[in-house]
Amino acid sequence: MVRYCSNCNRYCELSAFSSNQWRKGADSRCKDCVGGRHYGGSASPSFSCGTCGGNFNSQNELNMHMQVHRPRDVACPVCRETRFRSGANAVQHVESGYCTGCVGQDNARRAIYDYASQQGQMRPYISHTPMLTNGSYGGGNVPDYPYSCPQCVNKSFRQLSQLLQHNDQKHNNVNRIGY
């Protein structure tokens with residue numbers, strides 16, 4: 001018995017379909033297509049990972065996948081734990097409020113802002129440069145959108161992790177902007 005694969009446009013034997021896909025009837029896809037080995041009739045997809053051989057439909061999918069191959073060698077700026085793949089991941093750890101160095105999201109937001117404000121290479125990315133007093137800014141509230149991308153017009157961010165992710169994905173600047 002054969003069935004048409006709705007993805008690769010081939011007729012395949014019953015054994016080429018999982019029972020779950022077979023139940024889908026006309027919308028069923030063969031095991032090769034479900035497993036990512038066929039892409040719309042093409043034997044080889046346009047984007048493949050040079051590290052593990054995974055195949056992807058777009059450059060964006062490949063870029064997102066490549067994050068799993070990054071080493072976990074980035075340290076948290078507060079607790080110094082080294083277990084993150086990017087600066088954005090380390091900063092998210094703090095901003096979430098789960099970092100043992102500054103429990104709570106309000107404390108975390110201030111700690112990250114203090115840290116970024118004290119890093120010389122971060123100055124172009126701080127929208128509202130704080131006044132420094134004896135090595136730290138004079139207190140007060142953290143601005144609502146304290147971070148901005150100097151390469152994009154009017155692109156501001158509430159959290160440093162959002163700016164780091166933006167620079168990673170849009171400008172290919174992984175961990176190159178001070179953290």
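Between Q105, Q59, the distinction of being within 30 Å of N141 (Cβ to Cβ), out of contact with any Pro (no Cβ under 7 Å at 6 or more places or on another chain) and modelled with pLDDT under 85 belongs to Q105 only. Checked against (1) surrounded by 14 or more Cβ atoms within 10 Å (Cβ to Cβ); (2) not assigned by TED's automatic domain parsing to the domain that holds Q162, C52 passes all but condition (1).
Considering only residues that are assigned to a helix (DSSP H, G or I) and more than 20 Å from Q119 (Cα to Cα), which ones fall in the range 74-106? Once the filter is applied, which keeps residues that are assigned to a helix (DSSP H, G or I) and more than 20 Å from Q119 (Cα to Cα), the range 74-106 yields Q105, D106. Listed by first and then second residue, the pairs linking a residue in the range 61-86 that is hydroxyl-bearing (S, T, Y) to a residue that is part of a loop (DSSP other than H, G, I, E, B) and crowded, with 16+ Cβ neighbours inside 10 Å, with Cβ atoms under 7 Å apart and 6 or more places separating them unless they lie on different chains, are S86/V174; S86/N175. Selection within the range 76-107: residues that are among the small types (G, A, S) and within 20 Å of F157 (Cβ to Cβ). The member of this set that is farthest from the chain's Cα centre (by Cα) is G97.
Consider F84 carefully, then state whether it is of a type in the set (F, W, Y) and assigned by TED's automatic domain parsing to the domain that holds M122. Taking the combined requirement at face value, the residue satisfies it.
Selection within the range 5-44: residues that are assigned to a strand (DSSP E or B) and surrounded by fewer than 14 Cβ atoms within 10 Å (Cβ to Cβ). The member of this set that is modelled with the lowest pLDDT is S42.
Restricted to the range 89-105, and to residues there that are in contact (Cβ under 8 Å) with a residue 12 or more places away in the chain, small (G, A, S) and out of contact with any strand residue (DSSP E or B) (no Cβ under 9 Å at 6 or more places or on another chain), the residue that is surrounded by the most Cβ atoms within 10 Å (Cβ to Cβ) is G101.
The values are calculated or read from the model by the stated rules, or taken from the named source; none is laboratory data. Note that the structure is predicted; figures quoted are calculated from it, not measured. Cβ sites come from the backbone with ideal geometry, for glycine too, and all protein chains shown count toward neighbours.
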